[in-house]
Amino acid sequence: MSIKITFYGAAGEVTGSHYVLESAKSRIAIDCGLFQGTASAHDDNYLPFPYDPSQLQALILTHAHLDHVGRLPKLVKDGFRGKIFTHPATADLAALILEDAAKVMIDHLETEEEPLYHPSDVEAVLDLFELVEYQTPVKITADITAKFFDAGHILGSASVRVESAGQSVVFSGDIGNHPVPLLNQPVTPEPADLVIMESTYGGRLHDDPQTRKQKLLEVFKRLVKARGVLMIPAFAIERTQELLYELNEMANQGLLPTIPVYLDSPLATAVTRVYQQYHTLFDAGAKLAYSHDREIFSFPNLSITESSEQSKAILAASDPKIIIAGSGMMEGGRIIHHAANYLAEPHNFLLFVGYQGQGTLGRMLFDGKKQVKIKGQTVKVRAKLMAITAYSSHADQPGLLAWLADFRRPPQQIALVHGEPEAAAALAKSIKLSAKIYRPSRGQSIIVGQV
């Protein structure tokens, strides 16, 4: 029997990554992420899985972002009992992300409906983790083996090559945007018959990464001159750590203005501790910096606000000031309260440093909405909006093509996932290989070797 892949999420869309691989003797899943941002996301997350989760023998987890890990507790709640194979850093980050998600779900229930899952379901997930290092072959089931390769996206992220009965499939996971601080260049796995590849920025060209620090300094100069507030919605994993690392570098070089900087995200603070724990995974530059200064994520004038009282006190602090807070797409978290307080003033700034999914508050602002609803209140948008796309943790079109070109033998089949239809179409058009290219929709299957 040839390997069969069925796409149950991140197919014709960015979020909800979830694929099922069937071999002659086994059935396993790759990722099980939350749907986010769209009008149907809530209902999609509550839908029963279109198969019996108890029949899955194992799951491979590529990394700890919520759109890849967020429905794992539901999968376990619905009957899955197999091992979850993942990198040690991903296991530690996933524990933080899922615990936070369960708490947020309970805190934000507005009806009598049950939360998608409870903290006890998260604990059940953590008990199933089986840790796998990079470049180490691992037996997943009786007829499936896998190898993890550093994807350079976030700490512990992996592209995974799966093999069964002489056929092979590579799941790219999310491919990193090289060069960036902290992380290594994405590693292209060994050749495979089918490559399932993300396409988030399949039609985009990022800013030159070499210019991003200078662009950030220009934003700071404008902030100081305006004596306003700079809000930076940042993902708790990777984006926040990159920003702190570069701000520390600026401070050491005497370039950072002496104004207050607030890290207003308890989750990002906890994630930063995990990054310090896994400093051996850093790239050469960050390892060198860490050998001289263990506090590479800290600098003078940085305040870490853990409690809600400390967060609320930021409002009374004098301007200018910088606030780094989650969530990265402004769908929740403390950035919402800061946006409500500061968006209406023309001397304030909102800086985007990451992807903004369709339907999110961040995307509405990024697209130029002049007024938005926040917590039921209409807020006029007079603050200056900016973006530095070089801070993305996803490769742009040239980066994706370079990763694909590094395969020693081109794949026969390529499936483009984890991208809006326009992005996947643009990437498909730019791939100059003889491979059969698919842009699967949810529920569609591909059989390896059937070109």
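With r as the distance between the Cβ atoms of Asn252 and Lys225 and R0 = 25 Å, compute the FRET efficiency 1/(1 + (r/R0)^6) and round to 0.05. Computed FRET efficiency for Lys225 and Asn252 comes out at 0.55.
Going by neighbour counts of Cβ atoms within 10 Å, the residues His418, His337 line up, fewest first, as His337, His418.
Separation of region 16-53 and region 198-264 by C-alpha centroid, Å? With region 16-53 and region 198-264 each reduced to a Cα centre, they are spaced 35 Å. Excluding same-chain neighbours fewer than eight residues apart, the lysines reachable from Lys312 by a Cα-Cα span under 17 Å are Lys321, Lys375.
Taking the inverse of the mean reciprocal distance over all distinct Cα pairs, the Kirkwood hydrodynamic radius of region 226-320 comes to 14.2 Å.
Put simply, the C-alpha atoms of region 298-358 give a gyration tensor, and the ellipsoid matching it has half-axes of 19, 15, 13 Å, longest first.
Calculated over region 124-185, the projected area of the Cα convex hull averaged across directions stands at 5.1 nm². Net charge dipole, region 85-219: roughly 840 debye, given to the nearest 20, about the Cα centre with Cβ charges of +1 for Lys and Arg and -1 for Asp and Glu. Most tightly packed first, judged by the mean number of other beta-carbon atoms within 10 Å of their residues, the peptides 43-49, 117-123, 319-325 read 319-325, 117-123, 43-49. In terms of its Cα atoms, region 136-272 spans 64, 32, 23 Å along the principal axes, sorted from long to short.
Computed from backbone phi with θ = phi - 60° and the Karplus coefficients 6.51, -1.76 and 1.60, the 3J(HN,Hα) list for region 253-266 is 8, x, 9, 7, x, 7, 10, x, 10, 10, 8, 10, 7, x Hz; x is used for glycine and proline. With the Kirkwood sum run over all distinct C-alpha pairs, region 1-129 has a hydrodynamic radius of 14.8 Å. Both the radius of gyration and Dmax for the chain are 21.5, 67 Å, in that order, over alpha-carbon atoms. The simple Förster model, with R0 at 25 Å and r as the Cβ-Cβ distance, assigns Leu131 and Gln185 a FRET efficiency of 0.60. Remark on region 110-150: Rg and Dmax equal 16.5, 47 Å (Cα only).
Using a cutoff of 8 angstrom between alpha carbon atoms and counting only pairs six or more residues apart, the relative contact order for region 216-346 works out to 43 percent. Placing a label point 7 Å from the Cα of Ser445 along the Cα-to-Cβ line, the residues of region 387-417 whose backbone N sits under 19 Å from it are 413-416. Neighbour counts of C-beta atoms inside 10 Å place Leu128, Leu404 in the sequence Leu128, Leu404, starting with the fewest. Entry for region 333-389 at q = 0.13, 0.17, 0.22 Å⁻¹: log10 I(q)/I(0) = -0.28, -0.49, -0.85, Debye formula applied to identical alpha-carbon scatterers, no solvent contribution.
Pairwise Cα separations in region 299-451 fall into 5 Å bins from 0 onward with the following percentages, short to long: 1, 7, 14, 16, 14, 11, 9, 9, 8, 6, 4, 1, 0. The HN-Hα couplings worked out from phi for region 436-451 by the Karplus form 6.51 cos²θ - 1.76 cosθ + 1.60 (θ = phi - 60°) are 6, 10, 10, 10, x, 9, 4, x, 6, 10, 10, 9, 4, x, 8, 9 Hz, whole numbers, x standing for Gly and Pro. Shape summary: region 192-255 maps onto an equivalent ellipsoid whose semi-axes, from the alpha-carbon gyration tensor, are 31, 14, 13 Å in decreasing order. Which cross-chain or sequence-distant (5 or more) residues have an amide H under 5 Å from the amide H of Ala29, H modelled 1.01 Å from N in plane? Long-range HN contacts for Ala29: Leu21, Ala58, Leu59, Ile60. Pair-distance distribution P(r) for region 109-212, from all Cα-Cα distances in 5 Å bins starting at 0: 2, 10, 15, 17, 15, 13, 12, 9, 6, 2, 0 percent. Each principal axis of region 209-391 carries a Cα extent, and these read 49, 34, 31 Å when sorted largest first. If you model region 59-164 as an ellipsoid using its alpha carbon gyration tensor, with each semi-axis the square root of five times an eigenvalue, the axes come out at 27, 15, 10 Å, biggest first. Of the peptides 297-310, 89-102, the ranking by mean beta-carbon count within 10 Å, highest at the top, reads 89-102, 297-310.
Read-outs throughout are calculated quantities, based only on the coordinates presented, and are distinct from any laboratory measurement. Nothing here was measured: the structure is a model prediction, and the numbers come from that model. Neighbour counts run over all protein chains shown; Cβ positions are idealised from the backbone, glycine included.
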